[in-house]
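Trainee: Structure below; questions to follow.
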Amino acid sequence: MADAVDVFTKHWNRERPEVDVSPMAVIGRVQRLSRLFDHELKRFFAGFGMEFWEFDVLATLRRSGGDEGLTAGALIKVAMVTSGAITNRIDRLVAKGWVERMPCPEDRRVIRVRLTPAGRQMIDDVLPKHMDNERRLLAALNLESQEQLAGLLRTLAESLGDGAPD
């Protein structure tokens, strides 16, 4: 069964047979899947009154912040956004009552962001449902294929400089 990328590459092979368009088979599909996943995730999280980035910040704090939370700088590294963007995101999460800012006891110039009880409850409620949704999105691939794809994508991401965070 052909997909849109097959059609595009077929057209390019007809119009410019001297140009190797084979990378498009991977890059084109990854880009299209990214858009499809974004659409599905946006719709999923909207059902909980949240956006994906909100889930991402709450999940980051839940899995690595502990009771002390994380600094905005640590959140910037994980979220890969600017300091202005993370400040805006934190402000919006504070307004929803899901996170709070706390001065660091050792250095009052440092502000830590941590989950509120409501934020912890939200992430704990949504996470299992999110995993079910992601399983649904990957259902066309058996577990072995998913693991193989994950390994290949990891290799590609690492080759482009996307290593594990500190």
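Trainee: If you check every pair at least six apart or on different chains, which have Cβ atoms under 8 Å apart with a residue in segment 146-165 that is within 21 Å of residue 134 (Cα to Cα) first and a residue that is assigned to a loop (DSSP other than H, G, I, E, B) second?
Mentor: 146/138; 149/141
Trainee: If I ask for residues that are in contact with an Asp or Glu (Cβ under 9 Å, 6 or more places away or on another chain) and either assigned to a helix (DSSP H, G or I) or in contact (Cβ under 8 Å) with a residue 60 or more places away in the chain (or both), which ones from segment 76-96 would you list?
Mentor: 77, 78, 79, 89, 92, 93, 94
Trainee: On to the next question. Has segment 102-114 got at least one residue that is β-branched (Val, Ile, Thr), surrounded by 10 or more Cβ atoms within 10 Å (Cβ to Cβ), touching a Phe, Trp or Tyr at 6+ places or on another chain (Cβ under 7 Å) and over 30 Å from residue 32 (Cβ atoms)?
Mentor: Within segment 102-114, not a single residue is β-branched (Val, Ile, Thr), surrounded by 10 or more Cβ atoms within 10 Å (Cβ to Cβ), touching a Phe, Trp or Tyr at 6+ places or on another chain (Cβ under 7 Å) and over 30 Å from residue 32 (Cβ atoms).
Trainee: Are there any pairs, at least 6 apart or on different chains, whose C-beta atoms fall under 9 Å, with the first in segment 97-123 and under 17 Å from residue 50 (Cβ atoms) and not assigned by the TED database to the domain that holds residue 57 and the second assigned to a helix (DSSP H, G or I) and open to solvent by less than 70 Å² (accessible area, probe 1.4 Å), and if so, which?
Mentor: So the pair list comes out empty.
Trainee: Of all residues in segment 25-58, how many are open to solvent by 60 Å² or more (accessible area, probe 1.4 Å) and in a helix (DSSP H, G or I)?
Mentor: 16
Trainee: Then there is this: Among (1) free of Cβ contacts under 8 Å to residues at least 60 places away in the same chain; (2) over 30 Å from residue 102 (Cα atoms); (3) open to solvent by less than 80 Å² (accessible area, probe 1.4 Å), which single condition is residue 64 missing?
Mentor: It is condition (2) that residue 64 fails.
The values are calculated or read from the model by the stated rules, or taken from the named source; none is laboratory data. Just so we're clear, the structure is a prediction, and the values are computed from it rather than from any experiment. Here the Cβ is made from the backbone with ideal geometry for all residues, glycine too, and neighbour counts use every protein chain on show. The area values use the complete protein model at the heavy-atom level, side chains included, leaving out ligands, DNA and RNA. Shrake-Rupley method; radii C 1.70, N 1.55, O 1.52, S 1.80 Å.
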